[in-house]
Amino acid sequence: MAKIKAKAAQEAFPLDRAFTFVESGPVLLISTRHKGRNNLMTVSCHASLGFEPSIGIALGPWNHSHAALVEGGECVVAVPPANLLEQVVDIGNCSGAAVDKFSVFGLTPLAASAVKAPLVAECLYNLECRVVNRDLSAYHFFVLQGLKAWRHKAPSDPRSFHAVGDGTFVLDGETVDLRHRMTKWQHCI
Ligand SMILES: Cc1cc2nc3c(=O)[nH]c(=O)nc-3n(C[C@H](O)[C@H](O)[C@H](O)COP(=O)(O)O)c2cc1C
């Protein structure tokens, strides 16, 4: 009886929307420089792969940024603040082939130190990266190795935001401090 009740708590969900269960890291901007032009695109399909840091991003060949990443082998991964949400969505709805996105969306490119792609001055964090692995290119997956990291000194909004996958977004909320329970992981604190 209890088993039937438990099953009733769950209903079938469309498999082709199941990525939305886990598409919850912060929405990212990927900054590239290719053939003398800077570009930005929005990416929400990504994964933290390790502490080195290694980051995986799924970036399809239909994007103008794809050639920059394949041919240049480097980029900047930037974490935009929540007060840039609308611009970040618009950045993901136009092509760098037609638009200078830094200029149109009022963002400031800053010289990076290890890659040609620019940092995004307004972002909470910037991570200069090199592409180190393309074994999963069938999934349009790039493994990036972080080379140099930056943090905004005084962000206009400290919150990042997360894509649900259906055009809605969740802004960061309450922070819960459980550092006292991280007894096995003191070196991370
Ligand atoms: C919220 C959001 C998330 C996105 N996530 C991804 C993603 O993870 N991978 C991808 O290839 N494209 C993603 N896109 C689409 C690209 O950002 C979009 O195709 C963009 O126009 C590419 O710019 P580009 O052609 O200048 O490179 C996303 C778009 C939005 C609005």
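Count, please, the residues in region 28-84 that happen to be closer than 16 Å to residue 99 by Cα and of a type in the set (D, E, K, R).
Total meeting the criteria: 3.
Exactly one condition in (1) in a loop (DSSP other than H, G, I, E, B); (2) within 12 Å of the ligand (Cβ to nearest atom) is not met by residue 12; state its number.
(2)
Out of curiosity, is residue 112 in contact with a Cys (Cβ under 6 Å, 6 or more places away or on another chain) and closer than 14 Å to residue 38 by Cβ?
Against the criterion (in contact with a Cys (Cβ under 6 Å, 6 or more places away or on another chain) and closer than 14 Å to residue 38 by Cβ), residue 112 does not qualify.
Answer yes or no: is there a residue in region 70-87 that is near the ligand (Cβ under 9 Å from one of its atoms) and in contact with a strand residue (DSSP E or B) (Cβ under 6 Å, 6 or more places away or on another chain).
no
Report every pair of residues separated by at least 6 positions or lying on different chains whose Cβ atoms are under 9 Å apart, first residue within region 90-115 and free of Cβ contacts under 8 Å to residues at least 24 places away in the same chain, second near the ligand (Cβ under 8 Å from one of its atoms) and part of a loop (DSSP other than H, G, I, E, B).
98/64; 104/94
Would you be able to tell me the number of residues in region 34-68 that are open to solvent by 50 Å² or more (accessible area, probe 1.4 Å), more than 11 Å from the chain's Cα centre (by Cα) and not aliphatic (A, V, I, L, M)?
Residues that pass the stated criteria total 8.
Just name the residue that is least open to solvent (accessible area, probe 1.4 Å) out of those in region 69-110 that are assigned to a helix (DSSP H, G or I) and among the charged types (D, E, K, R).
101
Applying the selection to region 30-66, what residues are more than 9 Å from the ligand (Cβ to nearest atom) and either touching a Pro at 6+ places or on another chain (Cβ under 8 Å) or assigned to a strand (DSSP E or B) (or both)?
Matches in region 30-66: 31, 33, 34, 37, 38, 47, 48, 49, 50, 54, 55, 56.
Quickly run through region 138-169 and pick out the residues that are within 13 Å of the ligand (Cβ to nearest atom), loosely packed, with under 13 Cβ neighbours inside 10 Å and on the phi < 0 side of the Ramachandran plot.
Across region 138-169, the qualifying residues are 139, 166, 168.
The values are calculated or read from the model by the stated rules, or taken from the named source; none is laboratory data. Given the structure is predicted, the values throughout are model-derived calculations rather than measurements. All Cβ positions, even for glycine, are placed from backbone atoms using ideal geometry, and neighbour counts span all protein chains on display. Only protein heavy atoms, including side chains, enter the accessible area calculation; ligands, DNA and RNA are left aside. Shrake-Rupley method; radii C 1.70, N 1.55, O 1.52, S 1.80 Å.
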